[in-house]
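Read through the structure below, which is laid out as structure tokens, and then see the notes.
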Amino acid sequence: MIFAITLVLVYSGYSIGNAAFKSGLPVKRWAIAGTLFGPAAYPLFNSHKQLAYRKAMGKQGITIIL
């Protein structure tokens, strides 16, 4: 049981770290958050990714969603 939980936490840290690298966010911070909190860190990651995108685009940024 403990092995399975540890495996999920490590995989979550790896996958969130990889997603942070692809998004241009700090990798080490998100990999550690993913390892500590597991899949519960993913919604927080998504919100930070959107905020970083909006900050980079500015107030006049227009996004086209297909």
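The values are calculated or read from the model by the stated rules, or taken from the named source; none is laboratory data. What you see is a predicted model; the values in this text were computed from it and never measured. Positions of Cβ are backbone-derived with ideal geometry, glycine not excepted, and every protein chain shown enters the neighbour counts. We work out accessible area using only protein heavy atoms, side chains counted, and drop any ligands, DNA or RNA first. Shrake-Rupley method; radii C 1.70, N 1.55, O 1.52, S 1.80 Å.
Surface exposure of the chain, expressed per residue as accessible area with a 1.4 Å probe, stands at 84 Å². Net charge in the neighbourhood of residue 21 (other residues with Cβ under 14 Å of its Cβ; Lys, Arg +1, Asp, Glu -1) is +4.
Okay, helix-only estimate at 222 nm for the chain: each DSSP H run of n ≥ 4 adds -39500 (n - 2.57), divide by all residues, round to 500 deg cm²/dmol; what do you get? That calculation yields -25500 deg cm²/dmol at 222 nm. Shape summary of region 10-66, radius of gyration then Dmax from alpha carbon positions: 12.5, 39 Å.
Can you tell me what the convex hull of the Cα atoms of region 1-42 projects to on average, as an area in nm²? It would help to have the intermediate numbers written out before the result.
Numbers: hull surface 9.7 nm².
Averaging across all directions leaves 2.4 nm² for the Cα convex hull.
Residue 45 contributes about 0 Å² of solvent-accessible surface, heavy atoms of the protein only, 1.4 Å probe. Each residue of region 12-29 was assigned a 3J(HN,Hα) from its phi angle through the Karplus curve 6.51 cos²θ - 1.76 cosθ + 1.60 (θ = phi - 60°); the sequence is 5, x, 5, 5, 5, x, 5, 5, 5, 4, 5, 8, x, 9, x, 6, 4, 4 Hz, with glycine and proline shown as x. Per atom type, the chain shows carbon and sulfur on 70% of its accessible surface, probed at 1.4 Å.
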